[in-house]
Amino acid sequence: MIASSTFTRHQEIAWRGGHTRSTSRFVAEETGIALTYNGSTHAVMMGTPADLEDFGVGFSLTEAIVEHPGEIRDIDLVPNELGIEVRMWLDGDRAASLAARRRAISGPVGCGLCGIESLEQARRAPSRVADRGATFSGEDLLTAIRALSPLQILYQQTRAVHAAALWHPCLGIAAIREDVGRHNALDKLAGAITREGRSAGDGVVLLTSRVSVEMVQKAAMIGVPVVVAVSAPTALAIQTADEAGITLVAIARDDGYGVFTHPHRVLLPEDAASRTDL
């Protein structure tokens, strides 16, 4: 593990309410994170320097570089003056497969598709999520969203990071990860739940960000049937969630939310269900 601060205190001159004062605040750390496989750099992302083993495993899974963590033989975290390298070593078959599709991507925060080589890669068909019959009441999902905020420790300090969490009606929030990048937070969550041997197949992934197509693609790779986000989805995210068999719930607030795809997993009150035209 690398002991690295996720936030630092910085001075500021604050002007609020017509008054100026000198103060300080906690600011989220952001650093370059290079993901390398068998000695070659595959991606360079800007992110929060925490939970980087989870990040490496999760990125490898959601980008279809590996099918399960056992195909990663070793992970080393190597800091330098420019950032941190997450060095991963793949088994022979996976290493050969990656070499055949080698590409370099560089993704700043907020951009999940930078550096890909074709429109086909950007619009890859999502994995189809198995329907195990899991259903959630309308109140279940409100309970999940309400449980998220108190656990966003880094966000409470900095107001500058996203969170992704796995929620289960019997367990509550089973895992949560935060990062300055929304894609990174989801990748870290994917890595965490997989390394812990958890299944996302009967749970809900919670996101504090908007829902774009690549977020749905990543969720599909870990087999989660329901995604709940506090912000709105894009049209392509809705289309992709429909294709993947994912129930997409968005604009989730204390008083409710919108169900955009596969509403059969959300058991709404009878009066609401009778009015839906999904």
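What the table below lists for this structure:
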item	result
Selected residue (only one of 31, 62 is of a type outside the set (Asp, Glu), in contact (Cβ under 8 Å) with a residue 12 or more places away in the chain and within 15 Å of residue 190 (Cα to Cα))	62
Criterion violated by residue 205 - all others in (1) without any contact (Cβ under 8 Å) to a residue 40 or more places away in the chain; (2) of a type in the set (A, V, I, L, M, F, W, C); (3) closer than 15 Å to residue 163 by Cα satisfied	(1)
Any hit, the stretch 140-147, residues being in contact with a Lys or Arg (Cβ under 8 Å, 6 or more places away or on another chain), part of a loop (DSSP other than H, G, I, E, B) and in contact (Cβ under 8 Å) with a residue 24 or more places away in the chain	no
All positions within the stretch 181-202 that are in contact with a strand residue (DSSP E or B) (Cβ under 9 Å, 6 or more places away or on another chain), surrounded by fewer than 24 Cβ atoms within 10 Å (Cβ to Cβ), touching a residue at least 24 places away in the same chain (Cβ under 8 Å) and not in a helix (DSSP H, G or I)	198, 200, 202
Any hit, the stretch 157-167, residues being at pLDDT 85 or above and part of a helix (DSSP H, G or I)	yes
Flag if residue 112 is modelled with pLDDT under 95, part of a loop (DSSP other than H, G, I, E, B) and in contact with a helix residue (DSSP H, G or I) (Cβ under 7 Å, 6 or more places away or on another chain)	yes
Wholly within the stretch 218-267, strands (runs of 3 or more DSSP E) carrying at least 1 residues that are within 25 Å of residue 60 (Cβ to Cβ) and β-branched (Val, Ile, Thr)	226-229
Among (1) touching a helix residue (DSSP H, G or I) at 6+ places or on another chain (Cβ under 9 Å); (2) closer than 19 Å to residue 153 by Cα, the one test that residue 38 misses	(2)
Filter pass, residue 176 being closer than 14 Å to residue 151 by Cβ and out of contact with any Asp or Glu (no Cβ under 8 Å at 6 or more places or on another chain)	yes
So residue 144, is it in the same structural domain as residue 242 (by TED's automatic domain parsing) and under 14 Å from residue 222 (Cβ atoms)	no
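The values are calculated or read from the model by the stated rules, or taken from the named source; none is laboratory data. Values in this document were obtained by computation on a predicted structure and should not be read as measured data. Neighbour counts run over all protein chains shown; Cβ positions are idealised from the backbone, glycine included.
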